[in-house]
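Encoded as structure tokens, the structure appears first; notes follow it.
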Amino acid sequence: MNEELEVEFGKQITREFGSAMLYRQLAVELELRDLPGMASWMRAHSTEELGHADRLIDHLVARDNRPVIGDVVVPSIKADTVTELFEIALDAEREISEAIRGLYRLAQEQGDIDSRPTIDWFVSEQIEEEDAVSEIVGRLKLVNEEGPGLLRIDAELASA
Ligand code: OFO
């Protein structure tokens, strides 16, 4: 892979680490609101994001490229409601999806066939992730964040 693509892969690795930290912070916010099921869902997601970073790192190393982790930026969280916390996750996933599309286009422009399976995996993964978070946002809105509904979703996410 050429240097330009290597640099873009590096940026994506950094974003995945950022995403892991964001989910971890969202878990804290939910723990503080006494919603342990949702917090554990966020924690699990944080771990998944670390796996995404590793998947990209492994791809670069396998091809004798050098992944470089940049500065990880974790945005400060401002949310009044639980729905807003999940909307923050949804916006972050949408940004990641857009970045993956950018990586896809660049790899295609450069005819880098070997990165296709890895990038394709991320394209499918992003569809699933956006769908999962968007469904939670939708359900939170349906119950209007009222006690029984909120606790039910919390219990469901504890075992998700
Ligand atoms: Fe949840 O996103 Fe990584 O890729």
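Quick check on G111: is it under 14 Å from E16 (Cα atoms) and either over 13 Å from the mean Cα position of the chain (by Cα) or at pLDDT below 95 (or both)?
Considered against the rule, which asks whether it is under 14 Å from E16 (Cα atoms) and either over 13 Å from the mean Cα position of the chain (by Cα) or at pLDDT below 95 (or both), G111 comes out as no.
Please go through (1) within 14 Å of the ligand (Cβ to nearest atom); (2) charged (D, E, K, R); (3) in contact (Cβ under 8 Å) with a residue 40 or more places away in the chain; (4) surrounded by fewer than 16 Cβ atoms within 10 Å (Cβ to Cβ) for R15 and return the number of the only condition it doesn't satisfy.
The one condition R15 does not meet is (4).
Looking only at the range 130-150, which residues are surrounded by 13 or more Cβ atoms within 10 Å (Cβ to Cβ) and without any contact (Cβ under 8 Å) to a residue 40 or more places away in the chain?
Within the range 130-150, A132, R139, V143, G149 qualify.
Every residue in the range 120-141 that is of a type in the set (F, W, Y) and within 13 Å of the chain's Cα centre (by Cα), please.
F122
Among (1) buried (at least 16 other Cβ atoms within 10 Å of the Cβ); (2) more than 14 Å from the ligand (Cβ to nearest atom); (3) more than 25 Å from N144 (Cβ to Cβ); (4) not aromatic (F, W, Y), where does V61 come up short?
Every listed condition holds for V61 apart from (1).
Within the range 36-48, can one find any residue that is acidic (D, E), within 12 Å of the ligand (Cβ to nearest atom) and either modelled with pLDDT under 95 or on the phi < 0 side of the Ramachandran plot (or both)?
yes
Quickly run through the range 121-149 and pick out the residues that are away from the ligand (no atom under 16 Å from the Cβ) and among the acidic types (D, E).
E145, E146
When you check R105 against the structure, is it surrounded by fewer than 15 Cβ atoms within 10 Å (Cβ to Cβ), over 25 Å from A160 (Cβ atoms) and more than 15 Å from the ligand (Cβ to nearest atom), yes or no?
Here the answer is yes, as R105 does meet what is asked.
Restricting to the range 151-160, name every residue that is surrounded by 14 or more Cβ atoms within 10 Å (Cβ to Cβ) and either more than 18 Å from D34 (Cα to Cα) or not hydrophobic (A, V, I, L, M, F, W, C) (or both).
Hits for the range 151-160 are D154, E156.
The values are calculated or read from the model by the stated rules, or taken from the named source; none is laboratory data. From a predicted model like this one, the values you see are computed outputs, not experimental measurements. All Cβ positions, even for glycine, are placed from backbone atoms using ideal geometry, and neighbour counts span all protein chains on display.
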